[in-house]
Ligand code: HEC
Ligand code: HEC
């Protein structure tokens, strides 16, 4: 016997919560993808999205009735019938579980979503050298641009797909009056079928996953050093690598890591110390032999030798140019164009060359997308 007459209990609370976590985690990861400074949030929401998709996949095999794939209507005939009836009969009776359209919809969300999460993790590994796949950075950086394009295209497709879903639900709600919007809130649908039941084990499993995804949000968003955010690049000890470089070049400003600029830029910079950004650096400041040692060190650790994202992107964007300041690098300009000029002139930043103000630990060769902050 159903609990309510003319209505069926289709979506138990755990299913509803998971549905909304799938929707909101995707939506927020989409929203936070437009700003580098929100990368850590993007990552947390993306990971949650991955966890709940995986759960939904497993749920499709072991879940309660209406949720399992074997109740899905997947033949072409059923899909055609669904739309024919929808058009011909406004007051048609609907089936409690997934109809042909929503069966296909769910499978496509699962497929697209999994590809988005996978491409995102691989992109993070190859390009940012962090996270689960950070070890892929050295050999597979070359794949990062195609991964980025796939990650973006798939996300836009899924976003459009979600909008189609929302329009479909609104048509059900207001045209067919099947109260579809509230079904995912109350669990009840005006339809034909028997109430769904969920065993204790399934309850435990689903609430464990819900707990895990909320924990993930806290865990990832709160630290850079988690399994999911950790970079494969360790803090560098430049003093041990080359003490003259560390001591002499660190006199007026913090140390710029050698992988930041290409070979020929360092040649230009080291050959032009007599006019170094308006400063005259002579042999009295840095002796000839120290200069030679620093130059050799910089050249052997320049951008061409590195798989840091800055190094590769800087080289890519420079073409034949070999500037000695990052603010002349097109890639640098592009990523900083949204920052207002007055921010760079502010008390805590002073000028655009002071990378260290907004990129903590840059002087130790650490550059983390997850840690960018603008000092107030
Ligand atoms: C006498 C002070 C002084 C010393 C010593 C010095 N610099 Fe600089 N350097 C500056 C100034 C001033 C700028 C301009 C940016 C600023 O105001 O911080 C600058 C800028 C730079 C930049 C450009 C940063 C950017 O992308 O905008 C690099 C790279 C650099 N220095 C490398 C070095 C290296 C390598 C050494 C050691 C050989 C060195 N500097 C020693 C004063 C100095
Ligand atoms: C006023 C603060 C500020 C200063 C100074 C600054 N940056 Fe940034 N940087 C940012 C912000 C904010 C972003 C993220 C922009 C966005 O959301 O797209 C960023 C992004 C970047 C990125 C791109 C990150 C990525 O994953 O693609 C690189 C590389 C970078 N900065 C390097 C530098 C270097 C090198 C310097 C010094 C020459 C520097 N920045 C100076 C604030 C700053």
Subject >> Qualifying positions in the range 205-229 - away from ligand 2 (no atom under 16 Å from the Cβ), part of a loop (DSSP other than H, G, I, E, B) and surrounded by 13 or more Cβ atoms within 10 Å (Cβ to Cβ) >> reply: 223, 226, 228
Original post:
Looking at 111, 120, which one is in a helix (DSSP H, G or I) and either on the phi > 0 side of the Ramachandran plot or without any contact (Cβ under 8 Å) to a residue 40 or more places away in the chain (or both)?
Top reply: 111
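When the range 123-143 is examined, which residues are found to be crowded, with 18+ Cβ neighbours inside 10 Å and without any contact (Cβ under 8 Å) to a residue 40 or more places away in the chain? First the steps, then the outcome.
Initially, the range 123-143 is screened for residues crowded, with 18+ Cβ neighbours inside 10 Å, giving 123-131, 133-134, 136-137, 141.
The answer is 123, 125, 126, 133, 136.
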Original post:
In the range 180-204, what residues are in contact with a strand residue (DSSP E or B) (Cβ under 8 Å, 6 or more places away or on another chain), surrounded by fewer than 15 Cβ atoms within 10 Å (Cβ to Cβ) and not in a loop (DSSP other than H, G, I, E, B)?
Top reply: 182, 192
Original post:
Is there any pair linking a residue in the range 304-329 that is more than 16 Å from residue 367 (Cα to Cα) and not assigned by TED's automatic domain parsing to the domain that holds residue 144 to one that is more than 10 Å from ligand 1 (Cβ to nearest atom) and assigned to a loop (DSSP other than H, G, I, E, B), with Cβ under 9 Å and at least six apart or on different chains, and which?
Top reply: 304/262; 315/262; 318/262; 322/262; 324/272; 328/321; 329/321
Original post:
If the Cβ limit is 8 Å and pairs must be 6+ apart or interchain, which residue in the range 339-359 that is under 14 Å from residue 376 (Cβ atoms) pairs with which residue that is within 6 Å of ligand 2 (Cβ to nearest atom) and part of a helix (DSSP H, G or I)?
Top reply: 348/357; 349/343; 349/357; 349/358
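The values are calculated or read from the model by the stated rules, or taken from the named source; none is laboratory data. The structure presented is a predicted model; accordingly, all values stated were derived computationally and were not measured. No Cβ is skipped: glycine too gets one built from the backbone with ideal geometry, and neighbour counts run over all protein chains shown.
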